[in-house]
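Undergrad: Quick one: this structure, given as structure tokens, is what I'll be asking you about.
All of the numbers you see were taken from the coordinates with simple rules; none came from a lab. Note that the structure is a prediction, hence the values are computed from the model and not measured. Cβ placement follows ideal geometry from the backbone for every residue including glycine, while neighbour counts extend to all protein chains displayed.
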Amino acid sequence: MIKRKRYYLTGVCMAYNQFRYTVQLNMENQRCVVVGGGNVALRKATSLLKAGAAVTVIAPDILPAIITLQRKFPALTLCQRNYQAGDVSHAFLVVAATDSRTVNEAVVREAAQHHCLVNVADNPEAGNFSVAGTYENDNLLFSVATGGNPRLTHLLLEDLQQQYGDDMAAFAAFLDEQRETVKQRLPNPQARQEFWRNTLTNQLLQQVKAGRLQQTKEIIIHAVNRIGAEP
């Protein structure tokens, strides 16, 4: 699997709980359990599988769309039965996505006993983490949390998508390449920080947004090529 570096260019959080800490988890080969077999479970399982996790879905009734995921993701395991105590004992991350409050509460209790990360799909405050809305475009990943207002989240993500589309994603990938060159030419971290602070400005970002990607790339390349040159 080819790993791509991502630039978390921007995030939007409408503060609703001061005790939240935003992170990006490395989910490669992490054991995850999704309890539930409906549309919500489908979305949760799909996103975890795309992130590289090993996912077990547990539910007496599982959507055909979840079953067919196994063709694309061998790391998906299906258990067509009711949730049982012990199902999440070895999980890193757990999602309770059933339509039964009793079952969801039981999942949360067991996850807490085993110190798992646990999310309740229809009641984020019941677990110890929530999932922000996201928009991903190659090297860019935008996350938006609005305190449980899906419509506002959707609108904000649409706005970000319009502002930072394919050109900005291509620019991020280009910067990743240039970053390696700068690192070789400027071994000192402080010198690199100063270089990027002076070179990569908001004005250049505005140029990319205005459709002048190639012109902006040329400015960066010129600056990189001048590293070490006589003033």
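Undergrad: Report the net charge of residues surrounding Leu157, where surrounding means a beta-carbon distance below 14 angstrom and charges are Lys +1, Arg +1, Asp -1, Glu -1.
TA: Taking every other residue near Leu157 into account, the sum is -2.
Undergrad: Given the C-alpha centroids of the stretch 44-109 and the stretch 177-231, what is the distance between them in whole angstrom?
TA: Centre-to-centre (Cα) distance: 45 Å.
Undergrad: Counting DSSP beta bridges in the chain, what percent are antiparallel, to the nearest 5?
TA: 20 percent
Undergrad: Continuing with this model, one more query. So which chymotrypsin sites (Phe, Trp or Tyr not before Pro) in the stretch 15-64 end up in coil per DSSP with only 12 or fewer other C-beta atoms within 10 Å?
TA: The qualifying sites are Phe19, Tyr21.
Undergrad: I would also like to ask the following. Using the Cα centre as the reference, give the magnitude of the dipole from point charges on the C-beta atoms of the chain (Lys, Arg: +1; Asp, Glu: -1; all else neutral), rounded to the nearest 20 debye.
TA: It comes to approximately 420 debye.
Undergrad: Here's something else I'd like to know. Looking only at Thr153, Thr201, Thr56, which one moves most when the chain is put into a Gaussian network model with springs between Cα atoms under 10 Å?
TA: Thr201
Undergrad: Something else about it: Please work out how much length the chain gains when fully extended from Ser100 to Asn202, using 0.36 nm per residue of separation minus the C-alpha to C-alpha distance, in nm with one decimal.
TA: 31.8 nm
Undergrad: Also, I was wondering about something else. Modelling each spin label as a point 7 Å along the Cα-to-Cβ direction, I'd like the Asn82/Asn128 distance in nm, to one decimal.
TA: Reported label-point gap for Asn82 and Asn128 is 2.7 nm.
Undergrad: Related question: What relative contact order, as a whole-number percentage, does the chain give when Cα pairs under 8 Å and 6 or more residues apart are counted?
TA: Reported as a whole number, the value is 17 percent.
Undergrad: Using R₀ = 25 Å, calculate the FRET efficiency as 1/(1 + (r/R₀)^6) where r is the Cβ-Cβ separation of Arg192 and Leu25; round to 0.05.
TA: It comes to 0.40.
Undergrad: Per DSSP helix of 4 or more residues, -39500 (n - 2.57); summed, then divided by the residues of the chain. What does that give at 222 nm, rounded to the nearest 500?
TA: -13500 deg cm²/dmol
Undergrad: Would you mind checking which residues have amide H under 5 Å from Val118's amide H? H placed 1.01 Å from N; only 5 or more apart, or other chain.
TA: Val94, Asn128, Phe129
Undergrad: With bins 5 Å wide starting at 0, give me the P(r) of the chain over every alpha carbon pair, in whole percents.
TA: 1, 6, 12, 14, 14, 13, 11, 9, 7, 6, 4, 2, 1, 0, 0
Undergrad: Once both labels are modelled 7 Å past Cα along the beta-carbon direction, what's the Ala51-His114 spacing in nm?
TA: Result: 1.7 nm between the two label points.
Undergrad: If a paramagnetic tag sat 7 Å from the Cα of Thr68 along the Cα-Cβ line, which residues of the stretch 31-50 would have the backbone N under 15 Å from that point?
TA: Residues 39, 42-43, 46 qualify, since their backbone N sits under 15 Å from the label point.
Undergrad: Could you state the principal axis extents of the C-alpha atoms in the stretch 90-176, from the largest down, to the nearest angstrom?
TA: 47, 29, 16
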